[in-house]
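What follows is a short report on a single structure.
Please treat every number below as a calculation from the coordinates, not as lab data. The model shown is predicted, which means the values in this text are computed figures rather than measured ones. Note that we place each Cβ from the backbone using ideal geometry, even for glycine, and neighbour counts take in every protein chain shown.
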C-alpha cells in the first residue's frame, strides 16, 4: 500500500519538540494551506473540554483558515484561563510565521489531562515544523505521527474523485487509541480537500460523515475532553461545485475518508485483539438502532467474551435489553459471524467450537435483527483485554 | 465475626444437585417460613428477563408467600416458554413438599444465560434441600453459598432492633460478582424479617432500601436479566407495627441489611482490588448526583487508573463531564482520599506519590463537589483488573 498523499495546496510537517518523554518522539504537527480555506469542525460534547476545543470551536465555520497546529503528549485540558492563553499562543506563533492573523489558525492538543503545556518547547518546535513543511507522503505521515499518543500506527486515508474532468482529492489523518466513545466528534482528525466548498457546504459534508463514522465507534465508552474533527477545503483543484450531484460525490469521498480513519482507530485500540462490527436492524428509528449497538459495544462482558473467542450470546442479548429501547424477546434474533444463535426469543442449537473458531480470526460480526421497523445502524468497537487494563493502569504514575 | 442467624420462623438450606460442574458445589437453596409471609420484590428493568423473574414478578406483592427456591449455575434466561414452565415446575416441587400452592413460592435462578435448566437434577435436589431445612447459622450460610456463581464468599447480614420491648430481626443473603449495574434491583438477594408487615409496607421498605443500596452499586455497568431482591416478612416476632416511628425503625434495619449486602457484592466483585466510594454533592437533584456518580463508576479509564493506584484525576473530571448533566468546569471540585486535586475548575498542586500511596490500601474515596444545589448521592464500585478480563474471557468456553 502506498502512503497517502496530500491534496493540492496543502503542506504538512511533524517534528519532535520534547513534550513526550521518549527521545525524538514526534509530538508537534502542522498542516497549512497556500491559500485561505473554508473550514468546519465537530467537537466533543463533554461539559469539560480542553482549552484548544474552546479556541478552535470559536473559529469555525470560517472561510479564512490557513492551518492547524497540533501537539500530542499533553491535552491542555482542565487548565483554566492559562490553558486558553497557551492555546491561543500556539496559534499566534504559527500565524507570525505565515504572516496572518492568529484567528486563521486552528489548534488541537491530545495527551494527559490537567497539566499546563510546556509552552517554551512548543514555541521552539513551531519554527522547526514550519521549515519542514512539504507536500509529500513522508511529510504527511510525519504529521500523522506527531498526533499519536498510545496509537501504535499513524492513521491516514486519501481518496480522489473525478469532477468535471478534473481530479479532486480528500485526505485525512487521525489519532485514537483510548478515551474513545461516540456521540460527538471523537478523537482528533484533520481532513483536507482541494475542492472549492463554501463554509456551509464543508460543515454539512463533515457533520454527515462524522455522524456515521467517528460517532459510531467506541473503544471504552469514555468521552474525551479533546475530541475534534476538522475539514479544511482550499479549492486548489480549480474544480467548481456546480450541482447537488457534485456535492453528493464529495460527500461520498469525505464519508470514505471518515469511515476509513474511524475504523483504523478501532483496529489500533489500546490492547485490542478483535475488530467488532455491530449491525442492528429492524428498529423504528436510526437513533434506537445506534443506542442498542452502542450499549452492546460498551458492555465489558460482551467485550471480554469476544476477547475469549466465546460465543456467549446471552451477554449480547441482555446488553440490548438494557439499552432503554422497548422490545419483547420475541422481536429479537442474533447472528454471530453468520451463525444464528438466537431466533425470535428462543435459543438455537449451534456448534460452539465452530463459532469460536471463526472469532479467532480477530473479526467479529454481530447482527441483531428486530421486527419493529426499517431503521438500521452499524457500529464498530474493540474487545477488552488484560493489555488494555495494563496500559491504562500505568498511564501517568 | 459470628455468622448471621435467621429471623424467627424462617428456615434455610443449601445443597448440591449437580447443576454446577464442580463436584459437591452448592447450587440449590431454599428459604421457607413456618407461616405465610407478606412479600415484596424488586426486579431487573432489562427488557430481556429470566423466566424466574417473569414468574416471581407476577406473584408479589403478596401476603401468602411461604418460601423461595433458588439455583445457581444456570439463569434460565432467554429460554422462552419452556423456561417459564421450568421455573413454575421448580415452585410446584417445593409447594408439593410444603403442602401449599405453587403460587406461594418465589423462584430465582442465576448463572449462564440461554441454556435450559437441568430440571431432573433440580427435582431431585429439592427434597434433599427440604430435609436439610433448619434455623441456624450453618443452614443460613449454606443457603447463601448455594446462590453463588463467581462470588468467592457468601454474603449475609442480619440486624436486630427493639420494638415495644421485643426483638425484631431482619436478615438477608445476596450474590453478586459481575453483570452488576444499578437502576433496578441488582443481583439476587433474599431478605427475611420476623416483623409483622402488610404487603404494602414490605414493598415500601424494600423499594426505599434498594434505591440507595443495590441501585447505587456497579461492577461493570452490565444490567443482568435476573436481578431480583425479595423481602419476606412473617410476623413471627409477635411485634405489632403501631406507628410511623415503628416503620422508620424497621426501614433503618432493612436499609442496613441492604447497604451491607450491596457493599459486600462490590468487595467481592470479579477481579476487584479496590473498593471505591463515590460521593457526589451540590447538585440540583439526587438523580443528577446519581447520574454523575454512575458515569464515573462505569468509566473503564477511571477504573483502570484506580487499579494502578494512579491519581489521574482528569479521567474522573472528564467522566463527570459526559454524564449529561449541565455544569461549567468552575462549578466542580475533586477530592481523592482527602487530598484536593481540582478546585473550581483549576488543577491543584499535590504530591502524587502520597495520594497514590493512600490508594494502595485498597480503599478509594472520590468526592466530587458541585455548587449547583443541595442534593447528593453515594455510589460504590470496584476497579477493573486484568483478572476481571481473564475471568470473563473464559466463562463459558
For the range A:1-106, what is the percent of antiparallel DSSP beta bridges, rounded to the nearest 5? 90 percent
Roughly speaking, what is the centre-to-centre gap between the range B:248-263 and the range A:355-385 when only Cα atoms are used, to the nearest Å? 42 Å
Find the relative contact order for chain B and round it to a whole percent, using C-alpha pairs within less than 8 Å whose residues are 6+ positions apart. 17 percent
Hull surface over four for the Cα convex hull of the range B:30-139, reported in nm², is 6.8 nm²
On the first, second and third principal axes, largest extent first, how far apart are the outermost C-alpha atoms of the range A:131-180 in Å? 42, 31, 13
Send over the Kirkwood Rh of the range B:10-267, from the inverse of the averaged 1/r over different Cα pairs, rounded to one decimal Å. 17.6 Å
Mind jotting down the distance between the C-alpha centroids of the range B:323-352 and the range A:131-173, whole Å? 38 Å
Separation in nanometres of the label points that stand 7 Å from Cα toward Cβ, at residue A:284 and residue B:365: 4.6 nm
How do A:120-127, A:108-115 rank on mean C-beta neighbours within 10 Å, highest first? A:108-115, A:120-127
Ranked A:287, A:244, criterion: other C-beta atoms within 10 Å, fewest first: A:244, A:287
Using DSSP, restrict attention to beta bridges with both residues in the range B:275-393 and report what percent are antiparallel, rounded to the nearest 5. 70 percent
Got the relative contact order for the range B:275-393 handy, in percent, Cα pairs under 8 Å and 6 or more residues apart? 46 percent
Given the options A:308, A:373, A:41, which has the most mean-square fluctuation in a GNM of chain A, springs set between C-alpha atoms less than 10 angstrom apart? A:373
Which whole-number percent of Cα pairs in the range B:275-393 have a distance greater than 18 Å? 47 percent
Going by Cα centres, the range B:85-125 and the range A:1-53 are how many Å apart? 62 Å
Residue B:58/residue A:387 FRET efficiency (R0 56 Å; Cβ-Cβ; nearest 0.05): 0.75
So what does the Cα-only Debye profile of the range B:251-341 read at q = 0.12, 0.22, 0.26 Å⁻¹, as log10 I(q)/I(0), no solvent term? -0.43, -1.22, -1.40
If you build the Cα gyration tensor of the range B:199-282 and take the root of 5 times each eigenvalue, what three semi-axes come out, in whole angstrom, biggest first? 29, 15, 12
Taking the square root of 5 times each eigenvalue of the Cα gyration tensor, what semi-axes in Å does the equivalent ellipsoid of the range A:349-397 have, largest first? 31, 20, 8
I want the antiparallel fraction of DSSP beta bridges within the protein assembly as shown, as a percent rounded to 5. 70 percent
Calculated Rg and Dmax of the range B:96-208 using C-alpha coordinates, Å: 16.2, 51
I'd like the FRET efficiency for residue A:82 and residue B:248, computed as 1/(1 + (r/R0)^6) with the beta carbon distance as r and R0 of 56 Å, rounded to 0.05. 0.60
Under a 10 Å cutoff between Cα atoms, tell me which one of A:31, A:350, A:379 has the largest fluctuation in the Gaussian network model of chain A. A:350
Give me a single rounded figure for B:341-347: the average over its residues of other chain Cβ atoms within 10 Å of their Cβ. 4
Once every DSSP H run of n ≥ 4 in the protein assembly as shown is given -39500 (n - 2.57) and the sum is divided by its residues, what mean residue ellipticity at 222 nm do you get, rounded to the nearest 500 deg cm²/dmol? -10500 deg cm²/dmol
Ratio of Rg to Rh for the range B:310-356, alpha carbon only, Kirkwood? 0.98
Efficiency by 1/(1 + (r/R0)^6): what FRET value for residue B:119 and residue B:22, r their Cβ-Cβ distance, R0 = 22 Å, to the nearest 0.05? 0.60
Averaged over the residues of B:243-251, the number of partner chain Cβ atoms within 10 Å of each residue's own Cβ comes to 0
Mean other chain Cβ within 10 Å across B:383-392 is 6
So if the hydrodynamic radius of the protein assembly as shown is defined as the Kirkwood radius over C-alpha pairs, what does Stokes-Einstein give as its diffusion coefficient at 20 °C and 1.002 mPa s, in µm² per second? 77 µm²/s
Among A:262-275, B:157-170, A:352-365, the order from most to least packed when residues are scored by Cβ within 10 Å on average: A:262-275, B:157-170, A:352-365
Gaussian network model of chain B, Cα springs within a sub-10 Å range: biggest mean-square fluctuation belongs to which of B:23, B:293, B:51? B:23
With the 8 Å Cα cutoff and a minimum separation of six or more residues, the range B:121-174 has a relative contact order in percent of 24 percent
